[in-house]
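One structure below.
The values are calculated or read from the model by the stated rules, or taken from the named source; none is laboratory data. Values in this document were obtained by computation on a predicted structure and should not be read as measured data. So basically every Cβ, Gly included, is an ideal-geometry build from the backbone, and we count neighbours across all protein chains shown.
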Amino acid sequence: MPDTSRSQERLADALPLGRPQEAGPSVGFRRLLLERWSCRAYLPDQVPDDVIAEMFATAQRTASWCNTQPWQVYLTKGEATRGFAVSLAEHARTHQPVPDLTVPGEYRGVYQERRRGAGLALYASLGIGREDREAREKQQLKNLDFFGAPHVAVITTDRDQGVYGAVDCGAYVANLVNAASSLGVASLAQAAVAMYSDHVREYLRIPPDRLVVCVVSFGYADTTHPVNRFRTTRADVRDAVTVVDR
Ligand SMILES: Cc1cc2nc3c(=O)[nH]c(=O)nc-3n(C[C@H](O)[C@H](O)[C@H](O)COP(=O)(O)O)c2cc1C
């Protein structure tokens, strides 16, 4: 086993993530990543077409294995977003989830702790207690209404590219939400909608060779809503990166 303890110390020096630099070419990008957050309450205003075009043109620069760019996006605007939301809610009332991608089986250890932490922060922001199952389920159902967002982008991958196609689409989602943030547009990646992949495919007439990865809802944030006031944290960089130098 390589000895990583000394390397961990050097890593801490090399990556002072807690101390934003004063200047430098990466400051804007880093600040963008530090400041983006998931929005779960929106104003009804449509995002102008040129802003949407800029968002998607930026995300289109995402790197992918062999540059296959496996993502295909189905984007709603105007009345289409609400129509889609209504159809999803109706469908979910009478059908079981049928996701295209394998859903995580069990969260264990730190993953379970982090998951619980994020959930608690979310429900606490709304004054929903740990035991209030009904209120939690009601809040969870708002996923299918895209939390009132005026737009939703359904991110699909090429079925034949398997796990790595989904990896490329994950990178695309990350770039899309950050591109949105850089333009003052709030957003939320939502796997909850992909639980009904069969309905999403049928409703939007998505060809059978595409798999629904997730959706990204977006619009302008309702900054007065309490659900938009909490922020998540991240594990220390040393918990995620191990330097091996000998
Ligand atoms: C692939 C993906 C799927 C997600 N699905 C959901 C979802 O269905 N509903 C939801 O409220 N948040 C969802 N999120 C948002 C995460 O909960 C959120 O990104 C995480 O808690 C970190 O918080 P932050 O985005 O505010 O930094 C998803 C995020 C990702 C990347």
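Quick one: is ILE155 on the phi < 0 side of the Ramachandran plot and part of a helix (DSSP H, G or I)?
So ILE155 fails the test.
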Close pairs (8 angstrom Cβ cut-off, 6 or more residues apart or separate chains): closer than 20 Å to PHE56 by Cβ in the stretch 157-174, within 12 Å of the ligand (Cβ to nearest atom) and small (Gly, Ala, Ser) anywhere: THR157/ALA166; VAL173/ALA189
Scope the stretch 52-64; condition outside any helix (DSSP H, G or I) and touching a helix residue (DSSP H, G or I) at 6+ places or on another chain (Cβ under 6 Å); matching residues: THR62, SER64
The listed residue being surrounded by fewer than 22 Cβ atoms within 10 Å (Cβ to Cβ), more than 14 Å from TYR42 (Cα to Cα) and not hydrophobic (A, V, I, L, M, F, W, C), out of TYR203, TYR196, TYR220: TYR203
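Mind checking whether some residue in the stretch 159-173 is of a type in the set (Phe, Trp, Tyr) and buried (at least 16 other Cβ atoms within 10 Å of the Cβ)?
We begin by selecting, within the stretch 159-173, every residue of a type in the set (Phe, Trp, Tyr); these are 164, 172.
If we keep only those that are buried (at least 16 other Cβ atoms within 10 Å of the Cβ) as well, we get 172.
The answer is yes; a qualifying residue exists.
How about the stretch 161-199: which of its residues are of a type in the set (Ser, Thr, Tyr), away from the ligand (no atom under 12 Å from the Cβ) and either under 10 Å from MET55 (Cα atoms) or in contact with a Leu (Cβ under 6 Å, 6 or more places away or on another chain) (or both)?
Within the stretch 161-199, SER182 is the sole residue that qualifies.
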Answer residue from the stretch 28-44, given it is more than 10 Å from the ligand (Cβ to nearest atom) and assigned to a loop (DSSP other than H, G, I, E, B) and is surrounded by the fewest Cβ atoms within 10 Å (Cβ to Cβ) among those: PRO44
Residue in the stretch 205-212 that is within 24 Å of VAL27 (Cβ to Cβ) and free of Cβ contacts under 8 Å to residues at least 60 places away in the same chain present: no
Residue within the stretch 202-211 that is closer than 15 Å to ASP100 by Cα, within 13 Å of the ligand (Cβ to nearest atom) and modelled with pLDDT of 95 or more present: no
Residue in the stretch 169-178 that is more than 19 Å from the chain's Cα centre (by Cα) and among the β-branched types (Val, Ile, Thr) present: no
Test: residue in the stretch 219-231 that is more than 19 Å from ARG115 (Cβ to Cβ), touching a Ser or Thr at 6+ places or on another chain (Cβ under 9 Å) and among the acidic types (Asp, Glu): no
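Does ARG82 qualify as being free of Cβ contacts under 8 Å to residues at least 12 places away in the same chain, in a helix (DSSP H, G or I) and within 16 Å of the ligand (Cβ to nearest atom)? Walk me through it before giving the result.
Working: free of Cβ contacts under 8 Å to residues at least 12 places away in the same chain: yes; in a helix (DSSP H, G or I): yes; within 16 Å of the ligand (Cβ to nearest atom): no.
It is false that ARG82 is free of Cβ contacts under 8 Å to residues at least 12 places away in the same chain, in a helix (DSSP H, G or I) and within 16 Å of the ligand (Cβ to nearest atom).
Just give me the residues in the stretch 45-64 being of a type in the set (S, T, N, Q) and either more than 16 Å from the ligand (Cβ to nearest atom) or loosely packed, with under 11 Cβ neighbours inside 10 Å (or both), in sequence order.
If we filter the stretch 45-64 for residues that are of a type in the set (S, T, N, Q), which is where we start, we get 46, 58, 60, 62, 64.
Residues satisfying the conditions are GLN46, THR58, GLN60, SER64.
I'd like to verify a number: residues in the stretch 65-79 that are assigned to a loop (DSSP other than H, G, I, E, B) and crowded, with 18+ Cβ neighbours inside 10 Å, how many? Show your work before the answer.
Just the residues of the stretch 65-79 that are assigned to a loop (DSSP other than H, G, I, E, B), to begin with: 68-71, 77-78.
Within this subset, residues satisfying the condition of being crowded, with 18+ Cβ neighbours inside 10 Å are 70-71.
Total satisfying the criteria: 2.
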The stretch 116-128 residues that are among the polar types (S, T, N, Q), paired with ones that are within 11 Å of the ligand (Cβ to nearest atom) and in a helix (DSSP H, G or I) (beta carbon under 9 Å, 6 or more apart): SER125/VAL227; SER125/ASN228
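Filter the stretch 87-145 down to residues that are of a type in the set (Val, Ile, Thr) and in a loop (DSSP other than H, G, I, E, B) and give me whichever is nearest to the ligand (Cβ to nearest atom). Full working, then the answer.
Within the stretch 87-145, the first condition is being of a type in the set (Val, Ile, Thr), and the residues that meet it are 94, 98, 102-103, 110, 128.
Of the ones still in play, those that are also in a loop (DSSP other than H, G, I, E, B) are 98, 102-103, 128.
On the way: VAL98: 16, THR102: 13, VAL103: 11, ILE128: 14 Å.
The qualifying residue nearest to the ligand (Cβ to nearest atom) is VAL103.
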